[in-house]
Structures are given as C-alpha cells and as structure tokens.
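Each value in this text was obtained by applying a stated rule to the coordinates, not by laboratory testing. Bear in mind that the values here come from a model prediction, so they are computed numbers and not experimental data. Methodologically, a virtual Cβ is constructed for each residue, glycine included, from the backbone with ideal geometry; neighbour enumeration extends over all protein chains shown.
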Amino acid sequence: MNTNIVIGVDIGTTGVRAVAYRNGSTKAYATATDEYPLFTDQSGAAEQDANSILASTIAVITRTISLLGDEANNVKGIALSAVFHSFLAIAEDGHPLTRLMTWADSRSQIYLDEMKSKTDSERLYHRTGCPLHPMYPLLKIFWMKNNQPEIFARTKWFGSIKDYVFQSLTGKRVVDRSIASGSGCYNIKNLEWDKEVLSLLSIDEKQMPIVVATTHFESLTEAMAKRLGLQGPVPVIIGAGDGMMANVGVGAIRPGQINITIGTSGAIRMAAKQPETDIKRRTWCYNITEDRWMLGGAINNGGISFRWARDKFAETEQRVSEKLGLDSYSLLASYADKVSAGSNGLVVLPFFTGERAPYWNADARGIMFGLTLNHDKRHIIRATLEGICYRMRSVLESLEELTGTAEQIRVSGSFTRSPVWLQILSDILGREICIPDVDEGAAYGAAIFGFYALGQLTSIDEASDLIGIHQVYKPNPKHHQTYCELYQIYAQVYWNLQDQFKAISSFQRNEMQ
C-alpha cells in the first residue's frame, strides 16, 4: 500500500484547514482547523492580521502532524491553497506594515473612475484577465499610494498572504502564477508582471514577488520543520488559489467540466487549455498549470446572504437550534422548503456587499422586490436562496457564451449540505448538478496538486478519475419555467436601477465617514 502522505492546507477568508491524505485516496486521515477574525471597523474595510493567519496555519499543520502519530514519518509534502486577491505591504525587515487587505475590502472603489481615466480598461482586461474592480490588488495598491503615502514609501515588497506564508515556511519569497494572475497586475500573455500597470502604480518589478509555476516547491527551513514536528527537509508545494484548488478537489479540471462553489461568496469556474477573455469583460481568466487555465466569475454575496437572512429574521430559530444542538441553517432551509418555487413572487437581489461577475458593479445594493403583506420570513429565506442562485445563473450564462455549454456541472462548498438549496440551484439553472464523492474541496485539491508536483500523479486530470459522483440533482421542469419568468424580472430590476445604485452607495459612504 502506498503510504506517502501529503498535507493539503487551505488558507481561507475566515479560517485555515489542514488535511492529510494518502496518494490515491479521498479519505482524510487527519484534520485540523482554526479561525481568525475579519476586521471591518471602517467603511469598506475588510482586513485581517497576517501574523495571526500565519500562526493559525502553523498551528493546524502541527496538530495534523501530531494526529498522524508514527505515520508523520510518511509525510512527503505540504501543499498550499490560499484565498485570492489579498494584498499586504511588507517592510525591509520582512514584517507587515499593514493589515492584510482581503478581496472583500472595497475602500479602493473611490478610485475606480480615476483609474479608468488613466488607462484603457478594455486593453487592461485583455492583458491581465482581470476586469477593473476594487477586489483586485491593482486598485488596492493605488488606494494605498493615495491614502497612505508614508506606508507606500516604506514598502519594500508588495505581496499576498500566499507569498508571506510560503516565505515564513521556506525562507523563499515567491508567488505562484495563479495568485499573480488574480492580482490585476500580471500579464497573462507575456507571463510576467505587467510593465504598464507597475508604471501606473509607481512600483518597481523588484518590489513584486518572483512568479513561479504552481508546481514549484521549496523545502521547509530546518527550524520550521522542527517546529512542525517533522524529520528531514519536507518540500512545501506552493500550489494555487483556493478557487483553482476547489476545482481540482472535486475533479472538475478537464475542459467542459464546471465547478459551482457557494461558501461565504460564490464562484463558477471552468478549465481551458489556453487563456480566453470575454469581449464583454464579464469573466476572468487565471492560470493554474503550464497547459491549463481557469475561466469563470465570482460573486460577493453567496452564503453571506443566507447568514444575513438568518441573523435578521430568525433570532428565535437560532436560539432554539443552539439549545437542541441543531444546525440553524438546516432548520431555515426546511422553512424555505415549505414555500413554493418563486416565493410567491418575491425576488431578492442579494447585492449586500456590491457585486463582482458578471456586472462588476461595486455600487450595487440589496433589493427585495415584490414584497406584499402575504410574505413572511419563510418567503424571505427562500427568496434569498433563490436570489443567490439567480446570481450563479447570470455568471454561468456569461461563461458558457464564451466557452460553449458545459458537459458536466459539479458543486462544492458549504451549500452542498442543503438538499433544498441544491434543488433550487438545479431548478433555476435547468441543469443536472453532480455532488462529488469527497468531503473536502480546496484542501483535497491542494493535496492532489502536491502529489502531482512530486511526480506521484502523471496529470492533474487524474483528479477527475479519483473522484466519483455521490448524487445527481435533476431540475423540476415546472419549477424551472417559474424561475425563468422571475429571472427576467430580476434582470430588469437590476438594469433599471443603475443610477440609483450609484447614488445610494455614494450616500452611504458619506454617511459612514
């Protein structure tokens, strides 16, 4: 039996997870998790402490190795997955000068129009694969240059949480091509930092991390290996961004396979054999391996919208669930199941934190449309789940217009624990959706990537063969017809409120200053 073990580490938005796997197995042999806070104490800010994330990462790897016992001697590698679009300013001594700005930090939105006036946003998109949006480090760096000039001047290196953790583990400061291509600063045609962008930001290329392949690895430093409880120079595989690893982790890595993920946010991704950008600039394009690219779009408001509905309308249900040891989300999903498809004409546009693909409108705000005296919390909960799925449909339509109809749709993320939500998604898309026979997403994808980088798999395509399908959800034709009608209303409401979105977001920013 192959006893080689790789530990997949997924550094996410709210926590980090380490999972140990044997080659060829989807079973987790040891798991450890930890959480860290998200600071939102300013208007538009969404920051984290990089050293807290590093400490949590080291802690979960250490606990996982401890749980392996004697089998820790069989650990052949540690492979990383990390959240996309983070930004960190680092001093000459290697320590952070600021908190980590996450993908959700929207303070740079105020410079969006100025940036559009300084550059050709269409050319920029096709060079970098990234639509111009506050999510990307490109605009975050521009914000720092204008709002924190002293810190900007003291910054020796501009980076992300991925290169910060990797350097702390190995002593080498590099970043993988997937994280680089998700920054808005990397030229996906030339495979180098974009010179025009760096000039616009007044940054020297030496201030950016060296970009390496996602299969690149370096050995743990001797001190770090000892701290983690490992013997010998174990390699750390740099891996890719968490979205890429989620696709690998559910086996959606061949062209024609789509992975829909809904966790805090949400995303749809499809693998392709060459970079492709959209003439309408609705989708992004990131690199994963030498011969594989990932096309897709992400939304801000996935599970965070369901959490909003729970917190604002179901305090009693939360308390009851806690006392009985039940999952409050499962209870609320059962409420939603008691309401007919379409929520009796209530349509929720869940733009609570602005929106990304396919509209890239940071000014968008949440809407309940069609609310009547006949609607209660059950309708609001179901309409919120439906609204998230309408969002996924809009991204899927944009992606398939670019690539053609997908052969298979696989799903991942916390929403896969809800049969009600899964059926709503199938009904709204009018498509079969497949539940992979694996409990993890990005952490397992990182482990698969680790085995591939170490030469124990011949191709990442083997992930599709390792992961079977546990269950298939099929659309209800009658429900799909209802949703098609409401989806058109949803789209009309959105497009008819463009000026009002901009006005209300400006008002809100001024009120919170």
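Cross-link partners among lysines for residue 338, C-alpha distance below 16 Å, same-chain residues fewer than 8 apart left out?
377
Cut-off under 18 Å on the C-alpha distance; same-chain residues fewer than 8 positions from residue 162 excluded. Which lysines are left, in chain and number order?
Of all the lysines, those that pass the test against residue 162 - Cα under 18 Å, at least 8 places apart if same chain - are 140, 172, 206.
DSSP loop (so not H, G, I, E, B), at most 16 other Cβ within 10 Å: list which GluC sites (Glu not before Pro) in segment 344-445 pass both filters. Show your work: numbers first, answer last.
Numbers: sites: 355, 386, 397, 400, 401, 407, 432, 440; in loops: 355, 407, 432, 440.
Here the GluC sites (Glu not before Pro) that fit, given the DSSP loop and packing criteria, are 407, 432.
Less than 18 Å from a label point 7 Å out along the Cα-to-Cβ axis of residue 372: which backbone N atoms in segment 462-498 qualify, by residue?
482-483, 485-487, 489-490
Aspartates and glutamates near residue 474 by alpha-carbon distance under 20 Å, same-chain residues fewer than 8 away left out - which ones?
Those aspartates and glutamates meeting the cut-off are 337, 386, 397, 400, 407, 427, 432, 437, 485.
Per DSSP H run of at least 4 residues, take -39500 (n - 2.57); add these up for the chain, divide by its residues and hand me the 222 nm value, nearest 500 deg cm²/dmol.
Result for the chain, helices only: -12500 deg cm²/dmol.
For residue 481 and residue 210 in one chain, what is 0.36 nm times their gap in residues minus the Cα-Cα distance, to one decimal in nm?
Values: separation 271, 0.36 × 271 = 97.56 nm, distance 5.10 nm.
Gain in length upon complete extension: 92.5 nm.
Looking at segment 18-115, which GluC sites (Glu not before Pro) are DSSP coil and have at most 14 other C-beta atoms within 10 Å of their C-beta?
92
Helix check for the chain. Which DSSP H runs span at least 30 Å along their own axis by Cα, with a mean Kyte-Doolittle hydropathy no less than 1.6?
Sorted by number, there is nothing, because no helix extends far enough and scores high enough.
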